[in-house]
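The values are calculated or read from the model by the stated rules, or taken from the named source; none is laboratory data. Nothing here was measured: the structure is a model prediction, and the numbers come from that model. Note that each Cβ is placed from the backbone with ideal geometry, even for glycine, and that neighbours are counted across all protein chains shown. Remember, those area values only see protein heavy atoms, side chains included, never the ligands or the DNA or RNA. Shrake-Rupley method; radii C 1.70, N 1.55, O 1.52, S 1.80 Å.
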Amino acid sequence: MKKILIGFFIIGLATVSCTKVNENVYDKYPASQFYATPAGADDALANVYAKITGSWGSNYAGRDNCWYDLNSFAADDQVIPHRNTGDWQLDFAQLYTRTELPSLGIINNTWNWAYSCIYSANLAIAQLTTAQADPAKIAEAKVIRAWLYYLLIDDFGDVPFYTDNNTDVSKIPQAKRATIYNFIVTELTSNVDLLSETRGGAYYGRFNKWAGYMVLAKVYLNAGVYTGTPQWAAALAACNKVASGGFTLHPATANSGSALGNSYYDLFGDVCPNDETIFALFITENVISGNIYTIRSLNSTNGTALIGFNGWNGTVIPGDFYDKFDPSDIRRKQFLVGPQAGGVTYTETVSSLIDPGAAPNEGIRDVKFFPVPPADASGESNDFPVYRYADVLLMQAECNLRLGNTSTAAPFLNQVRERAGLSDIAAPTLQNVYDERGFELVFEGHRRQDMIRFGTYLLPHGVAPNAVPASPAYMLLFPIPTAALNANTTLKQNPGYPN
């Protein structure tokens, strides 16, 4: 699959380069035969995966200005302040301060990216179904599409819904969030057991059976948000299915060969370890997308001294979030504050997010994705872990607590805490699980969803002078982008937002 993905990028370059082709066609390979072959089926799927990884302004994670940024900067664990030097667009700080409007570029990018991926998934399903391809490959395409619709209803609520590309997209009406939820559950439960159980190897970066059940667990975990009816038992059962795949927590031991001196950070390096990783995005800088998260955080001087490239002086960790970490927690190593390489001193306090903006060295920086080669000033090649077993353990703890099983919940939570070097909690609470999810999954794109499910998203966050007041309930959804409303006049804006 990696070779096929690379092939798509090379083909794209060739398409641009070739302006005259005079070759005669002596034979043809009918699509119905090609997509019936293993190579043809993988080719159809690779087109979808290439869209998911994407590039600038059109990607799940790795590059900027799309799904990851929308869902991360709207939470409370990271922000890019506008700088008083004039650097950085206001979009990121507007998301953090809950002042975004439907015209915000990141919102429109996320919407367009998701529907572009859905179009490709629909196409793959049609190609594979017509060719009577391996049922497992058809199931894989359907699981991908279900995952994409899950991301859409999580962000926007009622959204346009279609499964056939022979549709006038300018007239597709919005389907109710609960209706699409039911479709997602049906698609997943009908197809996940058809997927391969293979972990890693040819299935690294693909939806196998365990990744499919992980999506189902996430959908059930948030069912109360989507439909008003919680599904804690169903979420727990799906988590248990994932756990039956034989996953374990990756070790966290002192290791001079690992980033930040601990093997825990191998989870965020070149290839995400197979023991804990359930689904990851394969990334190679300047070939298949790129990962910008460390370079975007470091400033120029510190970046040059630490990793050999100018940093972008962007993302910072709010001080109130950083202060929640226990000093002995190995996950605290990812943050840079105080004197650093290159003679730079990062302050915990940020004086302003928007106007006039922060001074250049204000804000705590994050190097969780410590750059791996190939890398340059535009990004690094760290793969991105979409789902990890640590997340499953914390979901199991949460579901058990919500079902009243406190003693059963404790071992799941404590496995994650023990690896981080923290003591056990004998009788954990939902607050303990919520906090631990923040510590473990920071910078991985899960925080907004967690805040909504735990009821904290609308509460005030941040500290003076950048304290964000309580948000109105309508902000539990993002606005439908202005461009989408203009393109499809049947759409209705989410309540509370202007068109």
Single condition L422 does not satisfy, out of (1) of a type in the set (A, V, I, L, M, F, W, C); (2) open to solvent by 30 Å² or more (accessible area, probe 1.4 Å); (3) closer than 18 Å to Y265 by Cβ
(2)
First in region 226-241 and at pLDDT 95 or above, second anywhere and surrounded by fewer than 16 Cβ atoms within 10 Å (Cβ to Cβ) and outside any helix (DSSP H, G or I), Cβ under 6 Å, 6 or more apart:
W232/L403
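Can you confirm whether T349 is within 22 Å of D87 (Cβ to Cβ), modelled with pLDDT of 95 or more, open to solvent by 30 Å² or more (accessible area, probe 1.4 Å) and in contact with a strand residue (DSSP E or B) (Cβ under 6 Å, 6 or more places away or on another chain)? Break it down into steps so the answer makes sense when it comes.
Values: within 22 Å of D87 (Cβ to Cβ): yes; modelled with pLDDT of 95 or more: yes; open to solvent by 30 Å² or more (accessible area, probe 1.4 Å): yes; in contact with a strand residue (DSSP E or B) (Cβ under 6 Å, 6 or more places away or on another chain): no.
The answer is no for T349.
Here is a list: L353, L393. Which entry is over 20 Å from L260 (Cβ atoms) and part of a helix (DSSP H, G or I)? Full working, then the answer.
Numbers: L353 fails: part of a helix (DSSP H, G or I).
Result of the check over L353, L393: L393.
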Please go through region 301-321 and pick out each residue that is open to solvent by 20 Å² or more (accessible area, probe 1.4 Å) and either without any contact (Cβ under 8 Å) to a residue 60 or more places away in the chain or closer than 20 Å to Y265 by Cα (or both).
T301, T304, A305, L306, I307, G308, W312
Say we look at region 256-300 and pick out the residues that are outside any loop (DSSP other than H, G, I, E, B) and of a type in the set (A, V, I, L, M); which of these is surrounded by the most Cβ atoms within 10 Å (Cβ to Cβ)?
I295
Filter region 329-348 down to the residues that are over 12 Å from V367 (Cβ atoms), among the polar types (S, T, N, Q) and touching a helix residue (DSSP H, G or I) at 6+ places or on another chain (Cβ under 6 Å) and list them by number.
none
With the condition being of a type in the set (D, E), I'd like the helices (runs of 4 or more DSSP H) fully within region 46-158 carrying at least 1 qualifying residues.
67-73, 91-96, 135-156
Give K368, K324, K333 a once-over and let me know the one that is basic (K, R), at pLDDT 95 or above, open to solvent by 10 Å² or more (accessible area, probe 1.4 Å) and in a loop (DSSP other than H, G, I, E, B).
K324
